[in-house]
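A.B. asks: Quick one: the structure is below, and I'll ask about it shortly.
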Amino acid sequence: MPSVVIDLDIIAENTRRVMARLEGRVAVFGVTKAACGSPLVARAMLRGGAAGLADSRLDNVQRMRNSGITAPVMMLRIPSVSEAPEVVRLCDMSLNSEAAVLDALARAAEEQGVVHDVILMLEMGDRREGVPPEELIPLAATAMAEPSLRLAGIGANFMCASGVMPTRGKLEKLCNLADALEQRFGTRLDWVSGGNSSNLALMETEAMPERINMLRIGSTILRAENSFTGGTLAGFDDGAFTLEAELVEIKAKHSLPDGETGPDAFGNRVVFEDRGVRLRGIVNLGRVDMRPEGLKPRHRHVEIVTASSDHLIVDITAAKKFAVGDTMRFEMDYGALVQAMLSPYVDKKLAGRESIAPRPSAVRLIAAPDLHDREETRAFVAGILNLGMEVKRDGSPEAADLPVWVIPGREAIFDLLDTADNEAVESGLLWVDSDPGEVGRIANPEAAAIFAIQRASREQATAIAGRGILALTMEDIDLVGIREAARKAIQRVTQTTDGFALVLHASVARGMGEDVREAGLSYRECSALMERVAASQELRAIVLSGIGENPAAAALETAYGYLLSALGKRILSGRPD
Ligand SMILES: *Cc1c(COP(=O)(O)O)cnc(C)c1O
């Protein structure tokens, strides 16, 4: 599968650079829309000093809120009347230009018992959203008349619909309007929101007026793009997002098609230049995944020739030597980035030292004293040592430990996982259990999967659906098969995280619990799932739950067997491959 590699350190560092360039005078709202509201990207921006976040889609804001982000969030796209209640529920602030929408926001805020901040947008020539200057005062009066709205500021947008630049003259006009509005209503505006990344690019040559105290910055942080020249903005790093895909064919082919030609698979008539025989590669990426026009190879002298739905054809005649199976890397433009982030066919991987926890080198087995003394436990410890990992006993998990808790019931699972939680990294949760437990406490539903459940109370079912947790029932697993179900669950818990915790309850699979009728997964199925867990190389913590106070020898042995598979033991080889 092709993947987008997201370097969170670069995103945080680019945010710091924006802050430095603005010399702390201007608040930055980090714009997450090109990253589809990825909570990891949002957190990296906040780490870098962003005062808040901004996105154009409610779904994206919901994702951020679901993952526990409480920072101020601004809605960028002027809201529709019908979505006003959701805007008020999810966002602290919105950009506006219509009295009817202000009314709807006011009603919604009133109903929800909150005060919603509004920024009024001015049309300063780019001909996108906003009121003409002469209509600002009446619109402001509408906002001021609503007790559930607070007029937080005014703003403008540039270089979007028409490429009009945020020149000093334009920005001074905006500041004058802010002054006029304050005088007229005897009020003070928190914000004069002067624009987007293009303002930063223009600051290279002219200073921004003092009065501008907020910018909404996306592409400079995410793509280091200079909005004017299209190149990279000096001093910023353009490596935050890289698309990686594999070369699946390399052959010498003539640059001209052979035979009479009609339109290609997408109805376009492509004209090719005669360059003789060229060395061509095929990369496992296509129009289904990506608009190829939005890609730029990160390797020197690699050229994109064309693409079909599943194949990207590159000319590598003048490039370094490539082999089939090699990874090719591409830079993405704004549209391609959004597409890649949205595509289910493109995996998401994380990079960046600051944001990535060290890979575990030791297992820390935390259990009751009499369990440690059991013969089965000693055999388990020997098995872990055999896998080449160190074993520690009890105490608190350290950074490079993979904690394994063995507990009698379902209680305290979240408290245990909290003790291993590294605040800076986002972790997933794979919960393998016949009963979904305290689903309401799952911190990061976007990265959680509940596997092999057989029953759920009405509250549990509501929490699963409402919070968007992936839940695979035994029926689902029977339907698609264990391999596909395991793939789906592991993708879910690894896609936007740096590692995940596994909760395995004794009731879920053959051989661990007292009641064999309850066990949904067969021995083979549970082992297959555990092998998939090992293959992901992203396992960071285990809770073996529900084994009771005094487990039977055979049950304990089976449970440990599953855990060894999850840690990487294969039937025929002692070490993970
Ligand atoms: C997308 C958007 C931005 C961010 O633009 P960048 O060029 O990515 O910094 C700012 N303001 C509004 C209203 C937007 O829609």
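All of the numbers you see were taken from the coordinates with simple rules; none came from a lab. Because the structure is a prediction, the values reported are computed rather than measured. Ideal geometry is used to build each Cβ from the backbone, glycine not excepted, and the neighbour counts take in all protein chains shown.
A.B. asks: Let me know the charge dipole size of segment 64-123 about its Cα centre in debye, to the nearest 20, where only the beta-carbon of Lys, Arg (+1) and Asp, Glu (-1) is charged. Working shown, then result.
C.D. replies: On the way: 4 positive and 9 negative charges, 45 e Å.
With only Lys, Arg, Asp and Glu charged at Cβ, the dipole is about 220 debye.
A.B. asks: Here is a further query. Could you work out how far apart the two model spin labels at residue 144 and residue 278 are, taking each label as a point 7 Å from the Cα in the direction of the beta carbon, and quote it in nm?
C.D. replies: 6.4 nm
A.B. asks: Something else about it: Which of rounded, prolate or oblate describes the chain when judged by the alpha-carbon gyration tensor and an a/c cut-off of 1.5?
C.D. replies: Working: a/c = 2.25, a/b = 1.39, b/c = 1.62.
Oblate, since a/c reaches 1.5 and b/c is not below a/b.
A.B. asks: Which Cα, out of 382, 406, 344, lies furthest along the positive dipole direction of segment 344-418 (beta carbon charges, K/R +1, D/E -1)?
C.D. replies: The residue sitting most towards the positive pole is 344.
A.B. asks: How high is the relative contact order of segment 98-216, in percent, counting Cα pairs under 8 Å that sit 6 or more residues apart? Each step should come with its number before you reach the end.
C.D. replies: On the way: 196 pairs, mean separation 28.3, N = 119.
About 24 percent, as a whole number.
A.B. asks: What distance in nm lies between label points placed 7 Å from Cα along the C-beta direction at residue 438 and residue 23?
C.D. replies: 5.1 nm
A.B. asks: Sticking with this one: Once you have the Kirkwood Rh of segment 1-117 from its Cα pairs, apply Stokes-Einstein at 37 °C and 0.692 mPa s and quote D in µm²/s. Intermediate results must be reported in sequence, preceding the final value.
C.D. replies: Values: Rh = 14.9 Å.
This corresponds to a translational diffusion coefficient of 220 µm²/s.
A.B. asks: Within 10 Å of each candidate Cβ there may be at most 15 other Cβ atoms; applying that plus a DSSP loop requirement, which trypsin sites (Lys or Arg not before Pro) in segment 288-348 survive?
C.D. replies: Values: sites: 298, 300, 320, 321, 329, 348; in loops: 298, 300, 320, 321.
Sites meeting the loop and neighbour criteria: 298, 300, 320, 321.
A.B. asks: By how many nm would the segment from residue 324 to residue 265 grow when fully extended, if each residue of separation counts as 0.36 nm and the alpha-carbon distance is taken off? If you can, show how the numbers build up before the last one.
C.D. replies: On the way: separation 59, 0.36 × 59 = 21.24 nm, distance 2.50 nm.
This chain segment gains 18.7 nm when fully extended.
A.B. asks: Let me ask something additional. Provide the gained length on full extension for the span residue 550 to residue 110, in nm with one decimal, where the gain is 0.36 nm per separating residue minus the Cα-Cα distance.
C.D. replies: Details: separation 440, 0.36 × 440 = 158.40 nm, distance 5.65 nm.
Gain in length upon complete extension: 152.8 nm.
A.B. asks: Moving on. Amide H neighbours of residue 150 under 5 Å, at least 5 residues apart or on other chains, H built in the peptide plane: list them.
C.D. replies: 116, 117, 118
A.B. asks: Only loop residues by DSSP count here, and only those with at most 14 other Cβ atoms within 10 Å; note down the trypsin sites (Lys or Arg not before Pro) in segment 131-190 that meet that.
C.D. replies: Details: sites: 150, 168, 170, 173, 184, 188; in loops: 188.
Sparse-neighbourhood loop trypsin sites (Lys or Arg not before Pro): 188.
A.B. asks: Same structure again: What's the Kirkwood radius of segment 271-369 in Å, using all Cα pairs?
C.D. replies: Details: mean 1/r = 0.0613 Å⁻¹.
With all distinct Cα pairs of segment 271-369 included, I get 16.3 Å.
A.B. asks: Quick one: Karplus J couplings for segment 138-146, per residue in order, coefficients 6.51, -1.76, 1.60, θ = phi - 60°, nearest Hz, x for Gly and Pro?
C.D. replies: x, 5, 4, 4, 4, 5, 5, 6, 9
A.B. asks: Using a Förster distance of 60 Å, how high is the FRET efficiency between residue 411 and residue 308, based on the Cβ-Cβ distance and rounded to 0.05?
C.D. replies: Values: r = 55 Å, r/R0 = 0.92.
Working from the Cβ atoms, E equals 0.65.
A.B. asks: Counting other Cβ atoms within 10 Å, which chymotrypsin sites (Phe, Trp or Tyr not before Pro) in segment 259-328 have at most 14 and lie in a DSSP loop?
C.D. replies: On the way: sites: 266, 272, 322; in loops: 266, 272, 322.
Answer by residue number: 266, 272.
A.B. asks: Roughly how many debye, to the nearest 20, is the charge dipole of the chain about its Cα centre, given +1 on each Lys and Arg Cβ, -1 on each Asp and Glu Cβ, and no other charges?
C.D. replies: On the way: 64 positive and 81 negative charges, 241 e Å.
Once rounded to the nearest 20, the dipole reads 1160 debye.
A.B. asks: Now, a different point. Roughly what angle does helix 482-494 make with the longest principal axis of the chain, taking Cα atoms, 0 to 90 degrees, to the nearest 10?
C.D. replies: With rounding to tens, the tilt is 50 degrees.
A.B. asks: May I pose another question? Given a Förster radius of 30 Å and the C-beta distance between residue 398 and residue 351 as r, what FRET efficiency does 1/(1 + (r/R0)^6) yield to the nearest 0.05?
C.D. replies: Values: r = 23 Å, r/R0 = 0.77.
That pair, residue 398 with residue 351, gives E of 0.80.
A.B. asks: Here is a follow-up. Tell me, in nm to one decimal, what length is gained between residue 291 and residue 205 on full extension, where the rule is 0.36 nm per residue of separation less the Cα-Cα distance?
C.D. replies: On the way: separation 86, 0.36 × 86 = 30.96 nm, distance 3.38 nm.
Here the segment from residue 291 to residue 205 would lengthen by 27.6 nm.
A.B. asks: Hand me the tally of lysine pairs in segment 206-356: alpha carbons under 20 angstrom apart, and the pair either on different chains or 8 or more positions apart. If you can, show how the numbers build up before the last one.
C.D. replies: Working: 251/320; 251/321; 253/320; 253/321; 296/320; 296/321; 296/348; 296/349.
Summing the qualifying lysine pairs gives 8.
A.B. asks: Still on this model: For helix 375-386, report the angle its Cα long axis makes with the longest principal axis of the Cα atoms of the chain; keep it between 0 and 90° and round to the nearest 10°.
C.D. replies: Tilt relative to the chain: about 60 degrees.
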